[in-house]
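The block underneath contains the structure these notes are about, expressed in structure tokens.
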Amino acid sequence: MPPKRTTRAGVKSSKESKGPEGSPKDDAVQKGPGKRKRAADKSEEQKSPSDTSSSPSYSHWLMKSEPESRIEDGVDVKFGIEDLKALPNQTSCWDGVRNYQARNFMRDMKEGHQAFFYHSNCKEPGIAGLMKIVKEAYVDHTQFDKKDVHYDPSSKSENPKWSMVDVKYERMTERFIPLAELKKYHLQHKSKGGPLRNMALFTRARLSVQPLTTEEFDFVLSLEDADPI
């Protein structure tokens, strides 16, 4: 997403330490003017390309980034929704993803698809807002940058491994929707049936880029007007 600062901040860190959500940090990195998004879960990083195929027909997504400062190799990988909102045109690339399945999901994204901006690896993880895909998958340049925390020496320019998309800020959610609340609904729906019974946030928690069914997306949006449970 946003470009690097002198401190090299904002990239989603590629390390996958386990955060308060019970899942590792997201693996998606972002750069944009002045900042860099963090690439979350490093454990995602080294899955083989065959581990990847994404399901067809998704048009909604959940994408994780870390809103609190964390220095990795001299770079502050902080990038929250407020950082995206503050960028020129409120638009940035979503770079630094180093997991094949997450990458393949990004390659499935189409211009106009919506995504939740999820704050990860922080005191209170959860959904903070919405953004839109405004540029479909293209080569992630950070894989070739030796000074970048997401440099991948095994990726070659003639056959790049990693892709990124551009996202544009749409709006904050009417209220922050915390992971703890989503987990309560997931457990309810898992036992009694409901839209969040198979939500990837809980079934594929380590992925920093996750698909959402329309039913899941609409249910989460409906929580904006509901009292927290």
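The values are calculated or read from the model by the stated rules, or taken from the named source; none is laboratory data. All values reported here derive from a predicted model rather than from experimental measurement. As a convention, Cβ positions derive from the backbone with ideal geometry for all residues, glycine included, and neighbour counts pool all protein chains shown. Quick note on the areas: whole protein, heavy atoms, side chains included, nothing else; ligands and nucleic acids left out. Shrake-Rupley method; radii C 1.70, N 1.55, O 1.52, S 1.80 Å.
Remarks
- A 1.4 Å probe run over region 68-136, with the rest of the protein chains in place, finds 36 Å² accessible per residue.
- Here the simple spin-label model places points 7 Å from the Cα toward Cβ, and for residue 224 and residue 57 these points are separated by 2.6 nm.
- Percent accessible area from carbon and sulfur atoms, region 107-149, protein chains only, probe 1.4 Å: 46
- Calculated Rg and Dmax of region 82-155 using C-alpha coordinates, Å: 13.7, 35
- Pairs exceeding a 23 Å alpha-carbon distance, out of 64/168; 110/161; 78/147; 85/156: 85/156.
- Taking max minus min of the alpha-carbon positions on each principal axis, region 75-229 gives extents of 50, 32, 30 Å, largest first.
- For region 158-213, a Kirkwood hydrodynamic radius built from all Cα pairs, placed in the Stokes-Einstein relation at 37 °C and 0.692 mPa s, yields a translational diffusion coefficient of 237 µm²/s.
- Ordering of 57-69, 106-118 by packing is 57-69, 106-118, highest average first (other Cβ atoms within 10 Å, averaged per residue).
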